[in-house]
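Just below is one structure, and these are the notes that go with it.
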Amino acid sequence: MTARIVPFAGIPFYVATIDPLQDDLRLLWNDERERRYSSFDSVERKAVAEKKTLLLATNAGIFRPGYIPL
């Protein structure tokens, strides 16, 4: 993964680029017991439990009723 700042109209946007052949990109919604991940801390704890390093986390932001991601 690489990250950089890209300015547009005077506003800095943070852009992360991944290589799907090398980087582990996942949509994390529910844990093993079907409970929603409700915070970035809970996602970080999952990474630590898997002995992985969380490089980037973001909110998907678009949901159907029932907090189901599109």
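Looking only at residues of the stretch 8-22 that are closer than 20 Å to A47 by Cβ and in a loop (DSSP other than H, G, I, E, B), we find that the one that is most open to solvent (accessible area, probe 1.4 Å) is Q22.
From the residues in the stretch 23-70 that are open to solvent by 100 Å² or more (accessible area, probe 1.4 Å), among the hydroxyl-bearing types (S, T, Y) and closer than 29 Å to R4 by Cβ, which one is modelled with the lowest pLDDT? Result: T58.
Within the stretch 30-61, the set of residues being part of a loop (DSSP other than H, G, I, E, B), within 13 Å of the chain's Cα centre (by Cα) and without any contact (Cβ under 8 Å) to a residue 24 or more places away in the chain comprises Y37, S38, S39, T53, L54, A57, T58, N59, G61.
The values are calculated or read from the model by the stated rules, or taken from the named source; none is laboratory data. As the structure is a prediction and not an experimental result, all values here were calculated from the model. Reconstructed Cβ throughout: ideal geometry from the backbone, glycine too, with neighbour counts over all protein chains shown. Heavy atoms of the whole protein, side chains included, go into the accessibility calculation; ligands, DNA and RNA do not. Shrake-Rupley method; radii C 1.70, N 1.55, O 1.52, S 1.80 Å.
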